[in-house]
Amino acid sequence: MSNIRILPEILANKIAAGEVVERPASVVKELVENALDAGSSRVTINIEKGGRSLVEVADNGSGMGQDDALLALERFATSKIQNDNDLFSIQTLGFRGEALPSIAAVSKMTLVTRDSRSESGVAVRIHGGKIIDVTETGAPVGTVISAAQLFYNTPARRKFLKTVNTEMGHIADVTAGMALGRCRVHFKLLHNGKTVKQWPAVSDPAQRVAAVLGQVESDALVPLSATSGDIALSGYLGPSRLARSTSRGVYLYVNGRRVRDRVIQHALFDGYSGRLMKGRFPLAVVFLELPFDQVDVNVHPTKQEIRFVNQRRVHNLVRDQVELALTAAERRRWAVTPPAADPLERGAAVTEASFSYRIRPKKAVDRPSDVKNPFIYHGGEPRRKKPTAPGKAQRSFPRKTETPPFESDERPATPKAGDQRPLWQTSGFGDLDVIGQFHGTYILCQGPNGLIVIDQHAAHERIVYEQLQGRKGRIESQRLLMPDTVELGFAEAQALEALIDPLDQMGLELEPFGGTTFVVKSVPVMLDDRNVAGIITELAEKAAELGLDSGLEKVLDECRMVMACHHAVRANQRLTEKQISHMLIQLDRCGDPSHCPHGRPTWIQWTVRDLEKAFKRIVS
């Protein structure tokens, strides 16, 4: 007797349903996709008890005749593809013909439908995959599909369903995500007979974004729009202050289909590089339109994972345009605006992205011309030398004879006519009135809109990072009289060895010393009094974590971040008035003065209105 046998059709359908129908939200997704493919302009989703009792989707699409309604319940029955060419150029959300038979196999389903050519509709009842009856019925043009008692015949699956609120939360998320991708369709979601949410049809995607994400968030979003050949990119990007702790705020769409794609997501995060702290995720809505034959959607049963024919092209387009859009938005907010008559009317929530200022006459200290490089590397107060450990030689350096080049105090020449820099570059932090230092860590400034608080370490870190990034040629280094040795792990040593030549251009001269040991012969001038061994170890760990597969430039960028962080002034470090003034001037020259290289904000603001409210001088 043979041990191999063909599975019964009902059992095969139940197994297939396990891939397509994971929970009630999966049923909603499949049925709504069918409704949209049918050309619906209105979709109503009616849920009872979180989908356990009922999931019903009604639409006003093209509907079906009786023959098509019966065929639609067969596995792999579809009107959307007919040959190989159709399979590799899919233009619809659904195409495999699995959804209806899979749902019918694990529920008590009723299908009521009518097309425009029929005078009456047809109602089909299916329990557990078996057709119970087919009757003629009155119905408007369109389709209504009801799936009751989901997983009633597969109790092993039903017991894994979560609470009503949890399942309803998943359904609401799925519905909102699909509504966000189709702004011209009216969506309505009901639970136990009560309207939970509805999104009227709109012509402007920004209105749907506001309806789904909320008006406050949408007002802060940055528009994204670009084309590259036959690829069109659009969407909305949230500033770093709207960052989330999870990726739930990332909405990605390809040809109208919401997807989970690593290529687009990686490109999006790359575009936000330096604007988000580690472990934080942006709020973003990204729409990508490209030829249907350039993307494969037949990758996963849920049709949420895709592949691109040219992944690099898509990745680079998204990454570059996201970075350009965010940079442009940051620059625009630095435009000079005339002050309002009532300062209380200029205030808003506490934010690092909302202050503007007016140009004021410069004080002499604002642009020091008689002081050479006032921003001293060791701060305003002398450091106390740490005692040398017994038996350990003190590392020594030759006496410095030149001013380190990283923070030149040279002022640019007066620009010629037609060569004037934009206002956002010529007026900014240097125009603020400096009040002083707080706790040796924060710089307090008065702006026309309120109190500006600058994190001196984050700000200086951004300055040094951009100076390193824009540096051409080899960075000036300081040769050690007594070379240091650094012992690393195997992976870290392998990663560091591949970076010896690029690091040499950064002023860091290293040589292998056998095994996993390296000898440090020279260091950049700005690191001459730092813990060099600790910095080398951190650089090697970062390089090993990223791997050269991520690109040499990205690894080197991480190295610049490490060097900038170690060089930047620390908390509890007193600064002189000239040092603060010089820092603010340099901050104005940065491409992204609002964030340190790791994504932390460099400044925040308390508006006059915020302070008035805090002191109860105004009620609201």
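Data table
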{"read-out": "Extended-chain gain in nm, criterion 0.36 nm per residue less alpha-carbon gap, residue 617 and residue 553", "value": "17.8 nm"}
{"read-out": "Accessible area (Å², 1.4 Å probe, nearest 10) - residue 281", "value": "60"}
{"read-out": "Inter-label distance for residue 479 and residue 511, nm, one decimal - labels placed 7 Å from Cα along Cα-to-Cβ", "value": "1.1"}
{"read-out": "5 angstrom amide H check on residue 98, placed H, neighbours 5+ away", "value": "76"}
{"read-out": "Area of residue 441 that stays accessible when all protein chains are in place (1.4 Å probe, Å², to 10)", "value": "20"}
{"read-out": "Among 67-77, 469-479, 25-35, 314-324, the order from most to least packed when residues are scored by Cβ within 10 Å on average", "value": "25-35, 314-324, 67-77, 469-479"}
{"read-out": "Highest to lowest packing among 578-587, 501-510, scored as the average C-beta count within 10 Å", "value": "578-587, 501-510"}
{"read-out": "Full-stretch length increase - residue 277, residue 156 - with 0.36 nm per residue and alpha-carbon distance subtracted", "value": "39.4 nm"}
{"read-out": "Out-of-range pairs (alpha-carbon distance over 26 Å; input 278/554; 162/197; 29/194; 521/578; 578/613; 159/278)", "value": "521/578; 578/613; 159/278"}
{"read-out": "Within-13-Å neighbourhood charge of residue 192 [Cβ basis; K, R +1; D, E -1]", "value": "0"}
{"read-out": "Local electrostatic count at residue 282 - Lys and Arg +1, Asp and Glu -1, tallied over other residues with Cβ under 9 Å", "value": "+3"}
{"read-out": "Spacing of the two label points (7 Å from each Cα toward its C-beta) at residue 309 and residue 120, in nm", "value": "5.0"}
{"read-out": "Distant-in-sequence amide H partners of residue 121 (H built 1.01 Å from N, under 5 Å)", "value": "137, 138, 139"}
{"read-out": "Segment 176-235-segment 429-487 distance, computed between alpha-carbon centres (Å)", "value": "41"}
{"read-out": "Selection of chymotrypsin sites (Phe, Trp or Tyr not before Pro), segment 543-620, meeting DSSP coil and at most 14 other Cβ within 10 Å", "value": "615"}
{"read-out": "Cβ-Cβ FRET estimate between residue 227 and residue 260, R0 fixed at 22 Å, reported to 0.05", "value": "0.35"}
{"read-out": "Potential lengthening between residue 76 and residue 135 on full extension [0.36 nm per residue; Cα-Cα distance subtracted]", "value": "18.9 nm"}
{"read-out": "Charge tally in the Cβ shell below 12 Å around residue 148, where Lys, Arg are +1 and Asp, Glu are -1, residue 148 excluded", "value": "+2"}
{"read-out": "Portion, in percent, of the accessible area of segment 181-315 that falls on carbon or sulfur, probe 1.4 Å", "value": "47"}
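The values are calculated or read from the model by the stated rules, or taken from the named source; none is laboratory data. Since this is a predicted model, take the numbers as computed values, not measurements. For neighbour counting, all protein chains shown are included, and Cβ atoms are generated from backbone atoms with ideal geometry for every residue, glycine included. Heads up: the accessible areas ignore ligands, DNA and RNA and are worked out on the full protein's heavy atoms, side chains in. Shrake-Rupley method; radii C 1.70, N 1.55, O 1.52, S 1.80 Å.
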